[in-house]
Every structure is written in structure tokens, then in C-alpha cells.
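Colleague: After the C-alpha cells below, expect a handful of questions from me.
The values are calculated or read from the model by the stated rules, or taken from the named source; none is laboratory data. None of the values given here were measured: they were computed from a predicted structure. Cβ sites come from the backbone with ideal geometry, for glycine too, and all protein chains shown count toward neighbours.
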Amino acid sequence: MLKLRLFGLFLAINLNLNLLYANTSLSRPLVPIDSFPGVFLDSVHIRVNNHWDISLSPISNVPLFNPIDGFLLQTGFTTRFNYDKPVEFSLKPRYAIQRKALYAVAELSAFIYKDNFKSIQLLFSGGNFLTQVNQPFIKNEQIISIINVFDGVNPLLFIEKKFFKIQLKQTVFSKFILQASSEFSDRTYLDNHSFQRWNFKRNEPLESFNLNDKAFINSFSLSYLSFFTLTYKKGLSGYMKSESNFDYLEMDLSQSFVINKLGRLDMNLSSGKFIQQEFLHFNDFYHFPTGRTLKTLHPIISTFRLLPYYEFSTNNYFHRLHLQIQTDNFLLSRLTVFKKSNIPENLFINIAFTDKLKPYLEMGYALDNILKNFRLEIVSGRYDGKWLGPRIILGPTSL
């Protein structure tokens, strides 16, 4: 069994190292950029002419393995044209080798109006895809796949999600962003399909939670730059047998300050509450941004390090605060070799409150920009009168 796991790890790492790469002067990337450096080269960008771009993702793109599908093949195609009012279409198909299942997700976006100060954009998306329950704080599955194979555990809960979503996004004065969306989804729990002989932890709900449901959820949000966001979600029952019936309100504040002789202070404060919940599935609980790895689409600074994935997900209220001071005038950053290499030091603290967490605390020290791309952390935490860690983490730089 050990040999089989080591072979799987070797295969996963080799599949991670994409063989194709091209770089052009696109006005913006066609695919989301996550918080890991370009060690794993994910896409090929091609400019056909001044009005048409194409992005191709290699077959070895994420994810590579999970205990539900087994080993995977996945690629992606994105095309964008008409720069004045850009229209973009993307398709991401995936084939699960052991499960012998082919499925995909697609998205179409188009600008109805666009100038230098305001714009109106429509987005349509839909398909059938294997989805992590910890929405919207998705973990990068390249790294998770290696953890799956190496440790023989499955840290994430997965569901098969069949959905259709329509979203309207309006920008005013380049600062205010109003978004409204409606999404219907049919979410199905899947058990481990393959590699059960590796003794993987089952992909199963915590306690007695049921992950099978149909939901019709409407969301509204108002943002001012990256400083302030107010979000409201409404689950409506009855539409196409939707079961969800809840109201949820969330507020986010994020700001950076430059402090003389000290450095930069980054702050993120988030609070949310389920106001009413006649019927609420575990899929729609609030799940904290956390995990064993820092490779994530969510900012590193506002991510918990030691908090378990789903143990403290809440259907009540939450508050979380993240503070980080980045300086080049503390301990190691005073040394000449660190100054020449532009390696600053970070002191950070993460705090969470819910009806179950009163409170949860993390604190740590980190060196950023190691070899220009990496961040080395040592983190400790405290919960319920007990100390957690310390833990050493190597992740992507937060610069």
C-alpha cells in the first residue's frame, strides 16, 4: 500500500509540472490568478489579433486526484473578443478515470454597457461539477491532491453540483460595485468511489448533516473598492422543488495602513448572521477560510491556519478579525542579506467568534518573499484553554 501511495504521489507531482507555457501582453489574465507563484504553469495565452484572445489550460491542470473521482484529466478553454465591450466564454471539462464520468462547467459573460467610469455586465454559468462544500473559500486541488495521495486522507467534503446561475454586475464611478445573482442548484453527496483500499477517510457529512438538497438562492451585494462589502442572501423554497428558506447578512471591511518606521498594517474584519432559517442545509452554512495549505483563491492574510475545515461551520453568527504587520525593521529583516533579498517579516493574528468559538485565536511569525515566491510561517493557536501547534507552513508569498 505504501508503494502504491508513493507511486501516486510521484504521478501527481509529475502531472503538476505542466509542459506548455506561453506569455503574451494581454491587458488582463483570462483566468483567475490564485495565491501561489508560477511554479505550476497553468495556462497558455494566445493573442489571435487585436480583438480576440484565447486561453488554453493543459490537461494536467487542477485538480489531479481526489478520493471521489480517482485520478483525473481536466483542461479548459477560454476565449474573449470585442475589447470595447468584452464578451468571454469559458468551458472546463473533466474526465474522472476511475468513475468513468465526463462532466463540465461553462460560463458566458458580456458587457451591456462599458466606459471609463461605469459598466453593466451579465454573466451566465452552469453545468455539472464536483464542488467543495467550503464555498466560497476554495482550496487549490493541485496541493490537496498531493495531500490526498501522500497522507491517505480526504480533508475536504465534496458534492456533485448541477446548477444554473445568472448574475448582473454594475460598476459606478469605478468604485462602487453592485451585484445581484440568482442560482438554482441540485447538490448530491457522493461517497468514495475508488481507492477505498487505501483507507481514505470517507467523504461524509459531519454529525447528521445531509448534503443532498435542491436550493434556489438569490444574492445581493454592494462594494466600495476593496474596503467595504455588504452581502445579503435569500434562500427561496418552492422553485423547482427548492428546499432552502433562509436569510443571511454579511459585512466585510478590509484596509491597509502605512505606519512610519514600522511598516504596513493589513486589517480584515468580517461579521455575518443567519437572520432567519426555516430550512438551511449544511452546504449553505458559513464555512471559515482555513486549511492545511495556503494555496487558495482566498487572500492569505485573511485565512486561518489551524482551524479545522468544517468542525466550526456555523448556521448562527460569526465574527472574524485578521491583522498583519509587515516590516523590514524587526529582527532578521535588519540583516543585510535579508534587506538585499527584500525579505520582510510578518507578525499576524487571527481571531474568530461564533456560538461555538468563544474565542478562537491564532498568532504567528512569517518571512515573506523567500526566493521571490514563498512564505515561511510558524503558527500557534489557542482554543478552549488549550494551545494548538506550533506548526510550520511553507506557502506562497503575500506580497
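Colleague: Using the structure shown, decide if residue 53 is in a loop (DSSP other than H, G, I, E, B) and at pLDDT below 85.
Modeller: No.
Colleague: Something else now. Can you find, within the range 275-292, the residue that is modelled with the lowest pLDDT among those that are out of contact with any Leu (no Cβ under 7 Å at 6 or more places or on another chain) and not in a strand (DSSP E or B)?
Modeller: Ranking the qualifying residues of the range 275-292, first place goes to 292.
Colleague: Would you point out which residue out of 91, 72, 108 is modelled with pLDDT of 75 or more, assigned to a strand (DSSP E or B) and in contact with a Pro (Cβ under 7 Å, 6 or more places away or on another chain)?
Modeller: 72
Colleague: Please go through the range 235-259 and pick out each residue that is more than 18 Å from residue 322 (Cα to Cα) and part of a strand (DSSP E or B).
Modeller: Selection gives 235, 236, 245, 246, 247, 248, 249.
Colleague: With respect to residue 304, is the statement that it is part of a loop (DSSP other than H, G, I, E, B), touching a Gly at 6+ places or on another chain (Cβ under 9 Å) and at pLDDT 85 or above true?
Modeller: yes
Colleague: Counting only residues that are surrounded by 17 or more Cβ atoms within 10 Å (Cβ to Cβ) and not polar (S, T, N, Q), how many does the range 115-126 have?
Modeller: So the answer is 1.
Here is a yes/no grid of residues against (1) on the phi < 0 side of the Ramachandran plot; (2) surrounded by 15 or more Cβ atoms within 10 Å (Cβ to Cβ); (3) among the charged types (D, E, K, R):
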| position | (1), (2), (3) |
| --- | --- |
| 236 | yes, yes, no |
| 251 | yes, no, no |
| 254 | yes, yes, no |
| 263 | no, yes, no |
| 271 | yes, yes, no |
| 282 | yes, yes, no |
| 300 | yes, yes, no |
| 309 | yes, yes, no |
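Colleague: What single numbered condition from (1) under 29 Å from residue 189 (Cβ atoms); (2) buried (at least 17 other Cβ atoms within 10 Å of the Cβ) fails to hold for residue 247?
Modeller: Answer for residue 247: the failing condition is (2).
Colleague: Taking the range 66-93 only, how many residues are among the aromatic types (Phe, Trp, Tyr) and closer than 19 Å to residue 105 by Cβ?
Modeller: Number of matching residues: 2.
Colleague: Report whether or not residue 248 is over 30 Å from residue 367 (Cβ atoms) and modelled with pLDDT of 95 or more.
Modeller: yes
Colleague: If we keep just the residues of the range 356-399 that are part of a strand (DSSP E or B) and of a type in the set (Lys, Arg), which is nearest to the chain's Cα centre (by Cα)?
Modeller: 375
Colleague: Only one residue in 299, 344 is farther than 29 Å from residue 133 by Cβ, of a type outside the set (Asp, Glu) and touching a residue at least 24 places away in the same chain (Cβ under 8 Å). Which one?
Modeller: Residue meeting the stated conditions: 344.
Colleague: In addition: Only one residue in 348, 353, 318, 330 is among the aromatic types (Phe, Trp, Tyr), in a strand (DSSP E or B) and surrounded by fewer than 21 Cβ atoms within 10 Å (Cβ to Cβ). Which one?
Modeller: From the options 348, 353, 318, 330, the qualifying one is 353.
Colleague: Quick one: is residue 274 closer than 27 Å to residue 168 by Cβ and hydrophobic (A, V, I, L, M, F, W, C)?
Modeller: yes
Colleague: Output yes when any residue across the range 304-322 is among the polar types (S, T, N, Q) and more than 19 Å from residue 137 (Cα to Cα), and no when none is.
Modeller: No, because not a single residue in the range 304-322 is among the polar types (S, T, N, Q) and more than 19 Å from residue 137 (Cα to Cα).
Colleague: Same structure, new question: Looking at the range 223-271 only, could you name the residues that are of a type in the set (A, V, I, L, M, F, W, C) and within 22 Å of the chain's Cα centre (by Cα)?
Modeller: Of everything in the range 223-271, those that are of a type in the set (A, V, I, L, M, F, W, C) and within 22 Å of the chain's Cα centre (by Cα) turn out to be 225, 227, 228, 230, 249, 251, 253, 267, 269.
Colleague: Just name the residue that is nearest to residue 126 (Cα to Cα) out of those in the range 160-176 that are among the β-branched types (Val, Ile, Thr) and surrounded by fewer than 17 Cβ atoms within 10 Å (Cβ to Cβ).
Modeller: The selected residue is 166.
Colleague: Next up: Answer with yes or no whether residue 366 is over 19 Å from residue 269 (Cα atoms), assigned by TED's automatic domain parsing to the domain that holds residue 272 and buried (at least 17 other Cβ atoms within 10 Å of the Cβ).
Modeller: yes
Colleague: Going by what's in this entry, would residue 311 be described as assigned by TED's automatic domain parsing to the domain that holds residue 347, modelled with pLDDT under 90 and farther than 22 Å from residue 374 by Cβ?
Modeller: yes
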